[in-house]
Structures are given as structure tokens and as C-alpha cells.
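First, the structure itself, so that you have it in front of you.
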Amino acid sequence: MTETTKRPAFTLEEAAELARQLYGRTGTLTPLPSYDDQNFHLVTPTGEQYVLKIANSAEVIETLAMQNEAMDFVTRRLPGSCPQPVTAVTNQTVVTDYRLPNTDHRSPYPVRLLTWLPGTPYAHVQPHTAVLQRSLGQFMGQLDKILAAFEHPAAHRQFAWDLSQAAHIADYTQYIQDRAKRTLVEQFLAEFVTAVLPQLPRLRQQIIHSDANEYNIIVRPGAAPTAASPAVSPSLSIIDFGDTIYTALVYEPAIAAAYALLGQPDPLLAAAHVIAGYHQTNPLAEQELALLFNLIAMRLCVSVTMSNYRQTFDPDNKYISISAQPAWTALQKLAAANPAHAHAIFRHACGLRYSVSDPIPHSPTPSSPHLTAHRRQHLGPSLSLAYDEPLQIMRGYMQYLYDENGRAYLDAVNNVPHVGHSHPRVVRAGQEQMALLNTNTRYLHPLLNEYAARLTALFPDPLNVVYFVCTGSEANELALRLVRAHTGRKPVVDKVAHHQLPHPVQTPPNAWRHHQRRLP
């Protein structure tokens, strides 16, 4: 919902009149929490229970009809797994043509009535045992196997909560007031944009539920594992098909795992149980498994970012931030984790041998000796290698470099103290510029002059001229040429008397090794 979207505000009396007028149901109504809409729990005098759903003004009727058809499609194949839409007296499952007496409430607030599913929200079931987490994954895998045969044109839509569109939160991170938290989101976003987003078009696609959060998963009565009986395999149901969409299949276990790890002492282990359960009923491909860590983090990033944004114009809606604090805690734990280690945990939980530990899949890399020999054939010898055993570095993230085996190295060599690897602002600026123009200084351009002016404004007089170069080596060469042109002399150092140095200067073998530390 945006600032221009109108959230319904029906009173209990008006909602009761809608239920009576449109569905012939009367009884006691209780408000339910909701993100964009207005929901009521209806209990009739005979004990029947329903959910009266009144959608916000931005909802598309075809999308609501698609949700109803999806629920009906799933229920016929897996009874009790999700609510069923109730047909109105007008023979519709989505009603817009109504008018309440003495009020202005009518369209554009579509109305639906769904059956009530008994049970307890996943968030309120304690403890979250490994059996419960694995059962959650199994249920979502089973649900997606059913939805694979479901098709509806309204599912092919642009939707802000679709993980394929997650990069859009870059426009909303400004609403995160805490700088450390904003940086945390930007770091995960940079990794998503640079390493994950390019791979998304190659992933399996189908219609999925895409919102298995801890309040949409219902544990049926008497089926929840307890501390005394942790091995009970629970029966689960799912509600709220509002995010149902045609998108990448792997988003389903990523979203389920993202919410299942909230509040857990070991979030990677909790996520692994969910992923293992999903894989058991609906096997994941290698590429999908490799992307899961970042997709899990990105779902949480989208959640906390949009929560901060929404609170700026809907501060009284407590449901918006219901998962915010545990999500921030989980993100901080995930940021401290090695993505390669997470990939290994997920593969092990799925019963797969862990061989390539790089979290981002790529073609098998040649051995380091082979690369070294090939390099000597095609690269000049002046391009030296660091270390006795040269490192094969595949990627960088924040202050770390990762080799072909996923091992992390603390990088204190490659200008990391400035901005780090994959800094979101640098990546975004580079992408924007590459999409516009990539040339050199031989042409006029206003940004070139502006950048030079901003730089020289930081220097004392008479330093008021700059030269733009590409590399440190090019800068050194230019400096030498300027010195020679100014002095008319070629030697850089004419003579250094031996007695001027207190001790002979020696470079220890593998001196660079002191600048880079291997992490466990």
C-alpha cells in the first residue's frame, strides 16, 4: 500500500451488515490485524467461523479472484490446507456492488468471505523444534507441487514484494533512520544486485504463495511439537494468498526460512531445517540452493525497509512492524555469517555432498597450479603474484575476499579501508554511469568539470589542477613525468649515502602476507 492507497475503515456494525447482506451470515465479529486491508473474525450462533476480508482501494479484482481460485485449487487436492472462499448471495466470490445504509462505504472496497482455519499461528507455538521447522518446509514443498499445475493470468503481475523486484528497496532505505541498520541492508542489497540478480532469469518459475510468514502458517490443534514430545509431526495450514504470484520457485523456501529463523539462537540451523524439509518433498536445484542465503537475507531486508517506510504515513498500524525487531536481530547474525558456510550447512541438511563452497555458482575453476602455468604463457612477468602459494580469489564482499573454496580472507591490501568490496553506493553509481556513458577525458562533459571543481576545493592553494587516471601505476607514471618536466632531471633518487641509514633495509620474504589474514 502507498500513501495514495485508501485502507478501509469499517466499523464492527458495518462489517456485520456486510456479512448479513452479502453472505446471509450473522454473529459476533472481532477485528483481526492486517497489513493493507481490514479483516474480521466472524463466529455464527451455530459455531461456524469465517474471516470477512475487506480489501484496500488499490486491490485489483482479477488478483483477488485469482487468490480465491488458487485456494479452491489447493483445497481440492489437499483438504484443510488453506481457507475456502464462500460464494455470496450474488453468486460471486469477490463482491464490489454493494451499498451500506446511511454510509458512504461501498466500492472500491472489494469484499470476500473465507472459511476459518482452526489452530495456532506458527509464531505463537513454542518451542520451534527441528521437527516443526522441517514440517514447515515439507508443507511448503507439497503446496508448491500442487501450485505447479495451477495457472492464472492475474498471477503474472508486477508486485513490490516479489523477490525479483527486491532491488527497488534502494529507493526506500532512506527511511531507515539508524545508520548502522541502513548500512546493513545496503550491504545485502549490493550482494543481491551484483551476484544474485543476474542469475534470476535462469531460475525455475511457477505460481507460489510467497508469504509463508510466522503468522500465515497455522499449526492445527494438538499437532504442535512440545518440549515433552518434540518428535510429533505437526499438521499445518496456510492463510493469506495475497502475495500469490508467478515468479521463481526458490523464493518459497527462502521466504519460509526467513521467517522461521526469527528469534532462533542459531538462524542458519533453523533455516536449514526448513530448506531440508522443502527439498525432501520438492527437490531444489544446485543453483537454487546456492542462492538461498542471500534470498533469505533479502526477504528480511525488504520486510524491515518497507516497515520503516510504511510507518512514516501509517504509524498507528502495529501489524506493519510486528516482525521488525526479530528481523533486525536475524540480519545482524546473518551479516556475521560466511555465505559459503551457510551454503555448506544447507547442502548438508539436504543430504547433499558439499564440494563447491562458493555461495554463488559458477563453472568449475581450474586448479591454482594450472592457472599459474597458463598465466605465465599469456601475461607479462612484471605482473607479479603475491604469496608463495598464490590465492585464487573469486569474489569480494565488504572487508573480505573469498577463494575458490569459499574460504574468507580479511583484506587489508586492495583499498578496502576506503569503501570495501561491493559497496552499494559505489556499485549503483558505476551501474548508472556505465548505462549512460563510458569514455575518457577527450570530450567535454559537465560532470567532469564539476568533479574536478569539488576535488580542488578541498586542496590548499596553489593546488588547483587535477589529472584523472585509471590506476595507481598510471598515477605513479604521471607523477614521474611531471617531476621530470618540472626539474629537467631524470633520476628519481640521485644518491643515498650508506651511513645515512641506521640499519640495512631488508624486505622480509612474502611481506604481503603480513597485510592479509586468513580467517577460520
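The values are calculated or read from the model by the stated rules, or taken from the named source; none is laboratory data. Small disclaimer: the values here were computed from a predicted structure and weren't measured. Glycine gets a Cβ as well: all are built from the backbone with ideal geometry, and neighbour counts include every protein chain shown. For the accessible areas, the whole protein counts, side chains as well, though only heavy atoms, and no ligand, DNA or RNA atoms are used. Shrake-Rupley method; radii C 1.70, N 1.55, O 1.52, S 1.80 Å.
In whole Å, what are the extents of the range 1-136 along the principal axes defined by its C-alpha atoms, from largest to smallest?
Principal-axis extents of the Cα atoms in the range 1-136, largest first: 53, 40, 27 Å.
State the three equivalent ellipsoid semi-axes of the range 169-304, derived from the C-alpha gyration tensor as the square roots of 5 times its eigenvalues, in descending order and whole Å.
Taking √(5λ) for each eigenvalue gives 27, 19, 15 Å, largest first.
How do the peptides 53-65, 264-276 rank, highest first, by the average count of neighbouring beta carbon atoms within 10 Å per residue?
Ranking, from highest mean packing down: 264-276, 53-65.
At a 1.4 Å probe radius, which order do LYS490, LYS181, LYS333 fall into by accessible area, largest first?
From most accessible down to least: LYS490, LYS333, LYS181.
While we're here: Over the range 1-51, give the accessible area per residue in Å² for a 1.4 Å probe, as an integer.
Per residue, the range 1-51 has an accessible area of 51 Å².
Using a 1.4 angstrom probe with every protein chain in place, what is the largest-first accessible-area order of ARG489, ARG134, ARG425?
Putting ARG489, ARG134, ARG425 in descending order of accessible area: ARG425, ARG489, ARG134.
If I compute solvent accessible area with a 1.4 Å probe over the protein chains, what percent of it on the range 108-193 is carbon and sulfur?
51
Report the chymotrypsin sites (Phe, Trp or Tyr not before Pro) located in the range 364-411 that are in a DSSP loop and have at most 16 other Cβ atoms inside 10 Å of their Cβ, or state none.
Loop-located and lightly packed - TYR387.
Would you mind calculating the relative contact order of the range 89-205 from Cα pairs under 8 angstrom and at least 6 residues apart, reporting the percent as a whole number?
Rounded, it is 12 percent for the range 89-205.
Applying the Karplus parametrisation 6.51 cos²θ - 1.76 cosθ + 1.60 with θ = phi - 60° to the phi angles of the range 235-249, what ³J(HN,Hα) value in whole Hz is obtained for each residue in order, glycine and proline being reported as x?
My calculation for the range 235-249 gives 9, 10, 9, 9, 10, 6, 8, x, 9, 4, 7, 8, 7, 5, 4 Hz in order.
Give me the net charge of ARG202's neighbourhood, meaning all other residues with Cβ under 13 Å from the Cβ of ARG202; Lys, Arg count +1, Asp, Glu -1.
Cβ neighbours under 13 Å give a net charge of -1.
Would you mind working out the accessible area per residue for the range 89-182, using a 1.4 Å probe, and quoting it in Å²?
Heavy-atom SASA per residue in the range 89-182 reads 51 Å².
If you roll a 1.4 Å probe over the range 437-478 with all protein chains in place, what percent of the accessible area is carbon or sulfur?
That share works out to 58 percent.
Ranked highest first by average number of other Cβ atoms within 10 Å, how do 294-300, 476-482 line up?
294-300, 476-482
For a protection proxy built on the mean count of beta-carbon atoms within 10 angstrom, sort 182-193, 250-261 highest first, please.
The peptides rank, most packed first, as 250-261, 182-193.
Show VAL419, VAL302 ordered by accessible area, largest first, where the area counts protein heavy atoms only and the probe is 1.4 Å.
Ranked from most to least accessible, the order is VAL419, VAL302.
Enter the accessible area of THR281 (Å², nearest 10), with the probe set to 1.4 Å and all protein chains included.
Accessible area of THR281: about 40 Å².
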